[in-house]
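The values are calculated or read from the model by the stated rules, or taken from the named source; none is laboratory data. Bear in mind the structure is a predicted one, so any value in this text is a computation, not a measurement. FYI the Cβ positions are ideal-geometry reconstructions off the backbone, even for glycines, and counts take in every protein chain you see. Heavy atoms of the whole protein, side chains included, go into the accessibility calculation; ligands, DNA and RNA do not. Shrake-Rupley method; radii C 1.70, N 1.55, O 1.52, S 1.80 Å.
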Amino acid sequence: MSHRLFSPLPLRGVTLPNRIAVAPMCQYSCVDGLADAWHMVHLGSRAVGGAGLVLLEAAAVTRDGRISPGDLGIWNDAQAEALAPIVRFIADQGSIPGIQLAHAGRKGSTSRPWEGKAAVPPSQGGWQVMAPSALPFAEGYPSPREMTEADIAAVVDAFADAARRCAAIGMQVVELHMGHGYLMHQFLSPLANRRGDAYGGDFEGRIRAPLRVAAAVRESWPRELPLFVRISATDWLDGGWDLEQSIAFAVRLKALGVDLVDCSSGAILPGSQGSGEPGFQVPLASAVRHGAGIATAAVGGITEACQAEAILQRGDADLVLLARALLRDPYWPLRAAAELEAAQPSWPVQYQRAVTRMRR
Ligand SMILES: Cc1cc2nc3c(=O)[nH]c(=O)nc-3n(C[C@H](O)[C@H](O)[C@H](O)COP(=O)(O)O)c2cc1C
């Protein structure tokens, strides 16, 4: 039987072998932004598990673009070199290696989640954060300074340089993080952007910096490789960024050569996350896909093989991203293939004896 979940997805010169992707997930486990053995095992297991695309966690494009001092970085060549063997391993398993590029803006300089979310002062390895406007995310979070035009230009260049480094080590997909209340989302949302200059105010002003980033990365990232953008398709708040603006923004991203919009939501202010019910963000992916005529990814509360298959069958999205379900079970794609009776992906040859035994 033919299944959408296990059908290939061609994007420019890259073909994802199936439509299951590992969603980007911060591990907050780096020193100086360098990936280590944890990342090899964590990401490698999910490639062995059969995901068609393994998207590495938010990688900061500048030192001050990190969420916490433990974030992955991609602002220097040593960080790219540390990722190179992981990228090779993922590709050797038949998965496509990708990475999310990010800048945290006013949500930076905070502690790791398991240490309690608190501001980290410069004396303890933190930094002065910056944002479109001098408004903190919430009480207890660092106070940002308002970005100058030179700061915006530097961030645009940092994203473009990071993409160049990714291409040099064989990364095949880049996703720009423009959601979850981080820097690009801070520009998009009227709830965080109160600027009076060309980078604020109306829709055109608020999308200007994110579009500059997308255009610069499209320029530095090889033409044959796909470019994704993750957005929070709605702030879920009155007077905030909403689905209508997301569709209009996706049209503009598409014109710049963005290939897929990954539709998440919320997090511009504390507590603005949406319902969290199974598949609660799927309607956003569907609206952007049909409204802007661009490929989309659905994410959030996708846990079952038949649920993922139905999303694709209905034409709500072109790709499904799983985060927590894949943390619980790196072999989720292999189990989904068995459940849907799909022929691929197959268990690694090294594990064949266990599979034969299981079937007996
Ligand atoms: C441990 C963890 C780390 C995450 N880190 C990121 C990240 O780096 N970038 C991002 O865009 N989303 C991040 N997310 C959000 C996920 O990508 C995903 O959108 C969210 O968990 C909903 O999907 P799920 O219901 O399948 O978990 C993270 C989620 C988890 C659980």
When you look at R212, is it out of contact with any Ser or Thr (no Cβ under 6 Å at 6 or more places or on another chain), in a loop (DSSP other than H, G, I, E, B), among the charged types (D, E, K, R) and over 19 Å from V320 (Cα atoms), yes or no?
-> no
Here is a list of conditions, (1) over 17 Å from M178 (Cα atoms); (2) in contact with a Leu (Cβ under 6 Å, 6 or more places away or on another chain); (3) not small (G, A, S), and H290 meets all of them except one; can you say which number that is?
-> (2)
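Kindly indicate whether A37 is of a type in the set (A, V, I, L, M) and either open to solvent by 30 Å² or more (accessible area, probe 1.4 Å) or at pLDDT below 95 (or both).
So A37 fits the description; yes.
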State whether the residues of the range 343-353 include one that is open to solvent by 70 Å² or more (accessible area, probe 1.4 Å) and within 16 Å of the ligand (Cβ to nearest atom).
-> no
Answer yes if at least one residue in the range 69-87 is surrounded by 17 or more Cβ atoms within 10 Å (Cβ to Cβ) and of a type in the set (D, E), and no otherwise.
-> yes
Candidates V156, V174, V87 - the one that is touching a Leu at 6+ places or on another chain (Cβ under 6 Å), under 21 Å from D259 (Cβ atoms) and either in contact (Cβ under 8 Å) with a residue 12 or more places away in the chain or part of a strand (DSSP E or B) (or both) | V174
Given (1) within 19 Å of P17 (Cβ to Cβ); (2) in a helix (DSSP H, G or I), where does P345 come up short, assuming only one miss?
-> (2)
Can you tell me which residue among G116, G94, G125 is of a type in the set (G, A, S), modelled with pLDDT under 95, open to solvent by 10 Å² or more (accessible area, probe 1.4 Å) and away from the ligand (no atom under 16 Å from the Cβ)?
-> G125
Would you check which residues across the range 20-41 are under 16 Å from E175 (Cα atoms) and outside any strand (DSSP E or B) and list them?
-> A23, P24, M25, C26
Subset of the range 177-209, residues of a type in the set (A, V, I, L, M), assigned to a loop (DSSP other than H, G, I, E, B) and touching a strand residue (DSSP E or B) at 6+ places or on another chain (Cβ under 9 Å), comes to A192
Taking S275 and the conditions (1) within 21 Å of R324 (Cα to Cα); (2) touching a helix residue (DSSP H, G or I) at 6+ places or on another chain (Cβ under 7 Å), which numbered condition does it fall short on, given that it satisfies the others?
-> (2)
Residues of the range 22-34 classified as buried (at least 24 other Cβ atoms within 10 Å of the Cβ) and either farther than 22 Å from G108 by Cα or touching a helix residue (DSSP H, G or I) at 6+ places or on another chain (Cβ under 9 Å) (or both), total | 3
Within the set of pairs 6+ apart or on separate chains, which have a first residue in the range 26-37 that is in contact (Cβ under 8 Å) with a residue 24 or more places away in the chain, a second that is in a helix (DSSP H, G or I) and within 11 Å of the ligand (Cβ to nearest atom), and C-beta atoms under 9 Å apart?
-> C26/P113; Q27/H42; Y28/P113; Y28/W114; S29/H42
Considering residues of the range 155-195 that are open to solvent by 30 Å² or more (accessible area, probe 1.4 Å) and over 21 Å from the mean Cα position of the chain (by Cα) only, the residue farthest from A23 (Cα to Cα) | R194
Of the residues in the range 10-21, how many are within 16 Å of the ligand (Cβ to nearest atom) and either of a type in the set (A, V, I, L, M, F, W, C) or open to solvent by 20 Å² or more (accessible area, probe 1.4 Å) (or both)?
-> 2
Just for the range 243-267: of the residues that are more than 17 Å from L176 (Cβ to Cβ) and under 19 Å from the mean Cα position of the chain (by Cα), which one is farthest from the ligand (Cβ to nearest atom)?
-> I247
